[in-house]
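S.K.: Structure below; questions to follow.
The values are calculated or read from the model by the stated rules, or taken from the named source; none is laboratory data. Since this is a predicted model, take the numbers as computed values, not measurements. In this analysis, Cβ positions are derived from the backbone assuming ideal geometry, glycine residues included, and neighbour counts consider all displayed protein chains.
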Amino acid sequence: MNLNHPAAASYFGLSGYYITWMILMAGLSVFCFIIFKRFKLIRIGKPDPRYTDIGQRVSGLIKDGFLQRRQPRYRMAGILHIIIFWGFIVLGLHSTDLLISGLWPGYAFPFMGGLFGSVYNSVKDLFVLIVLAASMVAIYRRAVIKPHRYQDSHQFEAYLVLCLIIFLMITDMFYEGSRLILEHSTGGFLVAAQLSKITLSGASHDALESVNRFSYWLHILTFFFFLNLLPLSKHFHIITALPNVFFKKINRGALKPPRWGIKDIDQLDAVGIQTYRDFTWKQILDFFTCTECGRCTDNCPANAVDKPLSPKTISMKLRDFGYQNSPLFSNGNIENALILGEVIQDEELWACTTCGACEEECPVFIEYIDKIVDLRRWRVLMESKFPREIEQAYRKMEIYGDIWGMGAALRNDWAKGLNLKTVQADADIDVLYWVGCAGAFDSRSQQVSVSFVKLLQKAGVNFGILGKEENCCGDYARRTGNEYLFEILAKKNIETFHKYDIKKIVATCPHGYNTLKNEYSRLGGKFEVIHATEYIFQLLDENKLSLNKELNKAITYHDPCYLGRHNGIYEIPRKIISLIPGAKMVEPEKNKDKSFCCGAGGGHFWMESSGQRINELRTDQILEKKPEIITTACPYCLIMLEDGIASKEMKGQVLVKDIVEIVSEMI
Ligand code: SF4
Ligand code: SF4
């Protein structure tokens, strides 16, 4: 008897062969049917062009998909997940080999013989044990340690899948162990098969054949049961995670347009998401891909202060709702199923600060901000249903062109006495300073604008400002869902930039910087945009500025979301601080891409908040490291953190400054 090939045909002869074929056909048919139904759901979605930047996508797939780069952000869970993921890849090949050799008795993958076969068998054997151990630890963590972030997840499914994985490993062990004894071979197998060999030693030949036969069948049956369970459960991510990583958003700073392929918002009958069919196909793929790991919610600042927002729950609700309204054996009415007010509530929508912490943490690159803003768009533009404070802000922007409601006549007041050039007077400049509404109208932020101007003047930069022709960049309007107002403001600004032939813009505000850099190009804006920290670092590097004075204080840096997570600028502000003589940098525990929002983004600077406030929680986190100076690089973060310090009655004890001000003082 040749036991290199499966028990199915060997023991059952022709009937075993037919049974294997029947299992395969049944298993695959059901699987294809379920996948077809899921695919139909994705096809309901609106277009979303994700086929560009193929090189970047392939590299992301390797790093974030296969190498699971984000998993170790949660060390223990990450390591367990990496082991199980690679176990699936290695062992999947073996399960397929077993199946195929049952379908074609005597056939084996050609590369399974020789040196590769021995190495593979040994590696696979080791993986069997490691995956077995990892799955048991995962069960222990869920059942005993009970991480908070797993709360509300589908626990039964998680246990079931872990048990199935364990069962697959055990049946593999016994299949190989019995085979080795029956063949009087070591077969290059290491630990797992040898362990089962020890367990089976002394068993009769008939008993060994039975063990071999049943472990084979149980393995194959479990394999197909598992395969068909995937698209019916949260474990669909085992199939969809790699495509989801491949199709991830490339430019995170830019919100998606209301409809891909439509340039002018006036061409649209409806804007935003109200029903399921308003999602894009990628947004629906996101729902299928959520692993329910809870990392997003664990890092969500709104959730941390008990606001009714949990990104994980949003994905779970939308996936479960999709499955329920798209039943396997009937058509359902998912396309027209209402989302807004039914599945997702307004309190969830308006609690989001668009900080991006959820998206940064998600191991499978699920996107939230675009979905939340799309839902806001429907409320704002189709129904005029939004918080009262937002209405006032919209009115000010419409009438005055700025959210402070001061108007163009007062826009230049902060610059009195600075001998500043405006482009109206002289458009022959190397760089335009984009002041922003906060920098022009908020008294605290005006000090930052003045400091920046003095730095530029000291460095001999030929720069100017738009002055009265500068309008709000539109960040607030866009992130609160008023795409229409955003486009009016953005187009006006773009026209002005082009009128004065502006090629390079520097901004102190990360919101203006992000909007001009990432969102104006779709509307025809063509210019280079840099942030003030980048520009200052460049001037220091070129010795046009030098930091001479000593600080001798413990200083910390708070990463603004729109500079850090949305644009990847983490190191430059830290490098600037490291150049200040005597500055002792202390990092808050949540820093860089793990930084915690100040609470101002997504329109929240102008919204009322009850209960614990995000800026106060962030201030607590920062104060843990006992800094004497808190620096940041955003006017909104500056105001929010100053407010946080005031709420702790620590004004004067801990200073809050923009990094521009610090540099200006150290020159
Ligand atoms: S963007 Fe920030 S506030 Fe909004 S859901 Fe994600 S983590 Fe929460
Ligand atoms: S969205 Fe991502 S981070 Fe959040 S629960 Fe799902 S997989 Fe985890």
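S.K.: Find the residue count for segment 312-354, including only residues that are part of a helix (DSSP H, G or I), under 30 Å from residue 606 (Cβ atoms) and not aliphatic (A, V, I, L, M).
M.R.: Total satisfying the criteria: 8.
S.K.: Residues 220, 239, 145, 198: which one is closer than 30 Å to residue 34 by Cβ and surrounded by fewer than 20 Cβ atoms within 10 Å (Cβ to Cβ)?
M.R.: From the options 220, 239, 145, 198, the qualifying one is 239.
S.K.: If I go through segment 295-336 residue by residue, how many of them are away from ligand 1 (no atom under 11 Å from the Cβ) and not small (Gly, Ala, Ser)?
M.R.: Qualifying residue count for the region: 19.
S.K.: Report whether or not residue 417 is more than 18 Å from residue 472 (Cβ to Cβ) and among the small types (Gly, Ala, Ser).
M.R.: yes
S.K.: With in a helix (DSSP H, G or I) and either of a type in the set (Asp, Glu) or within 16 Å of ligand 1 (Cβ to nearest atom) (or both) as the only criterion, which of 375, 455 stands out?
M.R.: After applying the criteria, what remains is 375.
S.K.: While we're looking at this one, here's another question. Counting just the residues of segment 610-626 that are in contact with a Pro (Cβ under 8 Å, 6 or more places away or on another chain) and β-branched (Val, Ile, Thr), which one comes out nearest to ligand 1 (Cβ to nearest atom)?
M.R.: Among residues in segment 610-626 that are in contact with a Pro (Cβ under 8 Å, 6 or more places away or on another chain) and β-branched (Val, Ile, Thr), the one nearest to ligand 1 (Cβ to nearest atom) is 614.
S.K.: If you check residue 364 against the conditions, is it more than 14 Å from ligand 2 (Cβ to nearest atom) and of a type in the set (A, V, I, L, M)?
M.R.: No: the conditions fail for residue 364.
S.K.: Right, another one. Got a sec? Which strands (runs of 3 or more DSSP E) wholly within segment 479-562 have at least 2 residues that are touching a Lys or Arg at 6+ places or on another chain (Cβ under 8 Å) and either crowded, with 23+ Cβ neighbours inside 10 Å or touching a residue at least 40 places away in the same chain (Cβ under 8 Å) (or both)?
M.R.: 554-557
S.K.: In segment 283-301, is there at least one residue being buried (at least 24 other Cβ atoms within 10 Å of the Cβ), under 18 Å from the mean Cα position of the chain (by Cα), within 30 Å of residue 616 (Cβ to Cβ) and away from ligand 2 (no atom under 14 Å from the Cβ)?
M.R.: Yes, segment 283-301 contains at least one residue that is buried (at least 24 other Cβ atoms within 10 Å of the Cβ), under 18 Å from the mean Cα position of the chain (by Cα), within 30 Å of residue 616 (Cβ to Cβ) and away from ligand 2 (no atom under 14 Å from the Cβ).
S.K.: If you don't mind, another one. Restricting attention to segment 309-343, which residues are more than 22 Å from residue 233 (Cβ to Cβ) and either among the hydroxyl-bearing types (Ser, Thr, Tyr) or within 16 Å of ligand 2 (Cβ to nearest atom) (or both)?
M.R.: Within segment 309-343, just 309 meets the criteria.
S.K.: Inspect segment 352-366 for any residue being among the charged types (D, E, K, R), within 16 Å of ligand 1 (Cβ to nearest atom), closer than 25 Å to residue 41 by Cα and not assigned by TED's automatic domain parsing to the domain that holds residue 568 and give the result as yes or no.
M.R.: yes
S.K.: Select from segment 557-609 the residues that are within 24 Å of the chain's Cα centre (by Cα) and of a type in the set (Ser, Thr, Tyr) and list them in ascending order.
M.R.: 557, 562, 570, 595
S.K.: The conditions are (1) surrounded by 17 or more Cβ atoms within 10 Å (Cβ to Cβ); (2) more than 36 Å from the chain's Cα centre (by Cα); (3) not in a loop (DSSP other than H, G, I, E, B), and residue 138 fails exactly one of them. Which is it?
M.R.: So residue 138 meets the others, but not (2).
S.K.: Go through the residues of segment 170-189 one by one and say whether even a single one is assigned by TED's automatic domain parsing to the domain that holds residue 76, within 16 Å of ligand 1 (Cβ to nearest atom), in contact (Cβ under 8 Å) with a residue 24 or more places away in the chain and not hydroxyl-bearing (Ser, Thr, Tyr).
M.R.: no
S.K.: Given the residues 306, 370, which is the only one that is in a helix (DSSP H, G or I), surrounded by fewer than 24 Cβ atoms within 10 Å (Cβ to Cβ), more than 13 Å from ligand 2 (Cβ to nearest atom) and modelled with pLDDT of 95 or more?
M.R.: Exactly one of 306, 370 is in a helix (DSSP H, G or I), surrounded by fewer than 24 Cβ atoms within 10 Å (Cβ to Cβ), more than 13 Å from ligand 2 (Cβ to nearest atom) and modelled with pLDDT of 95 or more, namely 370.
S.K.: Quick check: is even one residue across segment 396-412 in contact (Cβ under 8 Å) with a residue 24 or more places away in the chain, within 30 Å of residue 460 (Cβ to Cβ) and either within 16 Å of ligand 2 (Cβ to nearest atom) or in a loop (DSSP other than H, G, I, E, B) (or both)?
M.R.: Checked against the condition, which is being in contact (Cβ under 8 Å) with a residue 24 or more places away in the chain, within 30 Å of residue 460 (Cβ to Cβ) and either within 16 Å of ligand 2 (Cβ to nearest atom) or in a loop (DSSP other than H, G, I, E, B) (or both), segment 396-412 yields at least one hit.
S.K.: Say whether the condition of being under 21 Å from residue 93 (Cβ atoms), in a helix (DSSP H, G or I) and not assigned by TED's automatic domain parsing to the domain that holds residue 303 is met by at least one residue in segment 149-161.
M.R.: Taking every residue of segment 149-161 in turn, at least one turns out to be under 21 Å from residue 93 (Cβ atoms), in a helix (DSSP H, G or I) and not assigned by TED's automatic domain parsing to the domain that holds residue 303.
S.K.: Of everything in segment 601-624, what is modelled with pLDDT under 95 and either touching a strand residue (DSSP E or B) at 6+ places or on another chain (Cβ under 9 Å) or not assigned by TED's automatic domain parsing to the domain that holds residue 584 (or both)? Give them in sequence order.
M.R.: none
S.K.: What number of residues within segment 586-609 are within 13 Å of ligand 1 (Cβ to nearest atom) and assigned to a loop (DSSP other than H, G, I, E, B)?
M.R.: Going through segment 586-609 one residue at a time, the tally reaches 12.
S.K.: Looking only at segment 344-361, which residues are on the phi > 0 side of the Ramachandran plot and within 14 Å of ligand 2 (Cβ to nearest atom)?
M.R.: Passing the criteria: only 356.
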